[in-house]
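Undergrad: Questions regarding the structure given below will be posed in turn.
The values are calculated or read from the model by the stated rules, or taken from the named source; none is laboratory data. Computed from a predicted model, the values in this text were never measured in an experiment. Please note: Cβ atoms are built from the backbone with ideal geometry, for glycine as well, and neighbour counts cover all protein chains shown.
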Amino acid sequence: MTAVAGKVCAVTGAGSGIGRALALGLARRGARLALADRDEAGLQATAEAVRAAGAEVHVQPLDVSDRDAVVAWADAVAQHFGVVHQIYNNAGIAFSRTVEESEWADWERVLAVNLWGVIHGSKAFLPHVIASGDGHVINVSSLNGYLAQQEMSHYVTSKFAVRGFTETLRIEMLNAGHRVGVTVVHPGGIKTSIADNALQDARASGQPITEADEARRQMYNDKLLRMDPAEAAEIIIKGVESGKPRVRVGNDAKVVDLVVRAFPSLYPRLVVAFEQRMRR
């Protein structure tokens, strides 16, 4: 068991959703926090809530796809607190288009945040986490880190890659004998704004929004994104404190994992049938 009380914990994507819930959950456990997000208004709202919970907090507006900015943030956090124990690479975005319809920029945008953001955060904080003597790297993948879905190739690719990157890092930390835990997190349907943000980002990039896009967003919000972020954060933090290398969040994430393992050839057809049924 590794309690987070008194530890310095950095969280990306802290302006809303799981990131905000992680910040509040860590604050209630007595952690000191470094919070980052590209949404400055959401970030400040989270910081106010964390301070109200009695936690010391360092705040940095940040685009995790900007490597130099992430490295500078990691150094600033270490300088501010004198140590960094944990990094939660949580920031992520989604986008809905088939492979055939997608532009090159769609993959570049999603991979820049979901994959490169995790790599940037892990590598930038790793020296500080190792130096702490009791560190932990936590990277948020998804149930789409082991389950593929149509119209989500950008997101699925990034989340599969996060899983592989994180498991490789765990092996390296074990081989080097560093006192650094490494955890990959696979959330299922969490009640966040990711589906809404996906359409907003598409509009901002000039992509046409179809009735099917709106219907998909509504389906996710009404039927799939069900778990409260606070509950998800509690599962994640408990998993980190227990030293779990892999944390599945929600019964949907657990069931999907079992189905994919049991029926690797059949599951794509099951996914198609499930989505067709959900859209009725």
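Undergrad: Only one residue in Gln79, Gln44, Gln60 is surrounded by fewer than 24 Cβ atoms within 10 Å (Cβ to Cβ), among the polar types (S, T, N, Q) and either under 18 Å from Ala232 (Cβ atoms) or within 19 Å of the chain's Cα centre (by Cα) (or both), so which one is that?
TA: Gln60
Undergrad: Is at least one residue of the stretch 161-175 out of contact with any Leu (no Cβ under 9 Å at 6 or more places or on another chain), under 22 Å from Asn251 (Cα atoms) and either among the basic types (Lys, Arg) or at pLDDT 65 or above (or both)?
TA: So far as the stretch 161-175 goes, yes, one or more of its residues are out of contact with any Leu (no Cβ under 9 Å at 6 or more places or on another chain), under 22 Å from Asn251 (Cα atoms) and either among the basic types (Lys, Arg) or at pLDDT 65 or above (or both).
Undergrad: Still on this model: Being in contact (Cβ under 8 Å) with a residue 60 or more places away in the chain and of a type in the set (Gly, Ala, Ser) narrows it down to one of Ala124, Ala74, so name that one.
TA: Result: Ala74 is the single residue among Ala124, Ala74 that is in contact (Cβ under 8 Å) with a residue 60 or more places away in the chain and of a type in the set (Gly, Ala, Ser).
Undergrad: Something else about it: In the list Gln79, Gln86, Gln60, which residue meets the criterion of being more than 27 Å from Val255 (Cα to Cα) and without any contact (Cβ under 8 Å) to a residue 12 or more places away in the chain?
TA: Step by step, each of Gln79, Gln86, Gln60 is checked, and only Gln79 is more than 27 Å from Val255 (Cα to Cα) and without any contact (Cβ under 8 Å) to a residue 12 or more places away in the chain.
Undergrad: Please work out which residue is surrounded by the fewest Cβ atoms within 10 Å (Cβ to Cβ), limiting yourself to the stretch 82-113 and to residues that are part of a helix (DSSP H, G or I) and aromatic (Phe, Trp, Tyr).
TA: Trp104
Undergrad: Out of everything in the stretch 63-76 that is in contact with a Gly (Cβ under 7 Å, 6 or more places away or on another chain) and assigned to a loop (DSSP other than H, G, I, E, B), what residue ends up being surrounded by the most Cβ atoms within 10 Å (Cβ to Cβ)?
TA: Out of the qualifying residues, it is Val64.
Undergrad: So how many residues does the stretch 62-73 have that are under 19 Å from Asn114 (Cβ atoms) and either among the aliphatic types (A, V, I, L, M) or in contact with a helix residue (DSSP H, G or I) (Cβ under 7 Å, 6 or more places away or on another chain) (or both)?
TA: 8
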